[in-house]
Structures are given as structure tokens and as C-alpha cells.
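J.: Next up is a structure, given as C-alpha cells.
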Amino acid sequence: MEKHTQILLDELQKLLNGGGAHVGFNEAVENIPFHLLGEKPHGLPYSIWQLVSHIRIAQWDMLEFSKDGSHQSPKWPEGYWPKETAPSSKEEWTQALKAIDHDLNSFIDLLASGNLYEAIPHGDGQSILREALQIADHNAYHIAEIVVVRRLLGVWKN
């Protein structure tokens, strides 16, 4: 592998894991009291659970699209957002967090396994690089929202 490609892969992995300029996903969801996961503070349209579920679904969709030509994306927008405001159990919460971590690691593995710049054969111009940047951008946006919700609920470190 070329030195420049390895540098890019290392930077993409860092970016996907939370970058250096802001809070990463694991830090954003750490130690949230279970009973607050379904709260929608101050008229916000979503809870922490809904944001985490949305990150999980969207990231999974981008991963599957990147590797599987027969993948069918959920219907937009309803297929990307849960109706429930809170998880049904602590186990469901834990499984959602594990799925996000698993899919992110799978995407990072995918980055190293192919050409970053080639068009994905079943796409309409997307590349693995584009999908990586989209995952990072999308996750960062919603991670920031999780932090805001936590601040409004009074459960964010200051």
C-alpha cells in the first residue's frame, strides 16, 4: 500500500472514531441514566434513544450499501427513525450501542480492503471514500445533538 493511501486510511479511521475536534460517539453516550433515554427536553423533536437509533440505522445502511449490491435501504425518512422514544429495555440499549460499534468497525475494515476512489459498482457515483466521509459527517452531526440533549437534561459533564 502506498504511503499516502495509508496516511489517508489512518486519518479516515480517526475521523470515523470521533476525530480530534469534538466528542466521539462512545463518550457522548457514556453513563446516561436509563430513565432519561426517552426524554425530549424543551420541545425537541427527538430523544437520545431516537438519535442513537437513527445513527445505528443510517450507519448500517451506508455500510451495507457499500458492500452489497442487493441491499435495500429503508424508506426515507420513516425507515431511519424509530417511532419509540425510549428503548424497551437496557438490553435493547446495549445491543444498539454494540451494533453501532460493530458496524463502524466493519466499515473501517472495508476501507482497508478496497480502492477508496473507485465507484461502487451498484451505486450512482459513490465511492468508499465518499461513504466514509458521509458516515463521519452524519454521525458527528447527531452526536452533537446527543450532547445538547444531555446538557438540557442536566447529565453532561461540564
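The values are calculated or read from the model by the stated rules, or taken from the named source; none is laboratory data. Here the structure is a predicted model, which is why all the values come from computation and not from measurement. We place every Cβ from the backbone using ideal geometry, glycine too, and count neighbours over all the protein chains shown.
J.: Right, Glu11: surrounded by 11 or more Cβ atoms within 10 Å (Cβ to Cβ), more than 16 Å from Leu133 (Cβ to Cβ) and not β-branched (Val, Ile, Thr) or not?
T.: It is false that Glu11 is surrounded by 11 or more Cβ atoms within 10 Å (Cβ to Cβ), more than 16 Å from Leu133 (Cβ to Cβ) and not β-branched (Val, Ile, Thr).
Quick grid of which residues meet (1) at pLDDT 95 or above; (2) under 18 Å from Val147 (Cβ atoms); (3) charged (D, E, K, R):
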residue: Pro33; (1), (2), (3): yes, yes, no
residue: Leu37; (1), (2), (3): yes, yes, no
residue: Ile57; (1), (2), (3): yes, no, no
residue: Gly69; (1), (2), (3): no, no, no
residue: Gln72; (1), (2), (3): yes, no, no
residue: Ala86; (1), (2), (3): yes, no, no
residue: Lys90; (1), (2), (3): yes, no, yes
residue: Ile108; (1), (2), (3): yes, no, no
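J.: How many of the residues making up region 19-57 are small (Gly, Ala, Ser) and within 22 Å of Trp76 (Cβ to Cβ)?
T.: Of the residues in region 19-57, 2 are small (Gly, Ala, Ser) and within 22 Å of Trp76 (Cβ to Cβ).
J.: Let me ask another. Can we say Gln6 is part of a helix (DSSP H, G or I), out of contact with any Lys or Arg (no Cβ under 6 Å at 6 or more places or on another chain), more than 16 Å from Glu145 (Cα to Cα) and free of Cβ contacts under 8 Å to residues at least 40 places away in the same chain? Even if it seems obvious, please write down each step before you answer.
T.: Numbers: part of a helix (DSSP H, G or I): yes; out of contact with any Lys or Arg (no Cβ under 6 Å at 6 or more places or on another chain): yes; more than 16 Å from Glu145 (Cα to Cα): yes; free of Cβ contacts under 8 Å to residues at least 40 places away in the same chain: yes.
Criteria met by Gln6.
J.: Now for a different question. Is it fair to say Pro121 is closer than 26 Å to Pro45 by Cα and of a type outside the set (S, T, N, Q)?
T.: Here the answer is no, as Pro121 does not meet what is asked.
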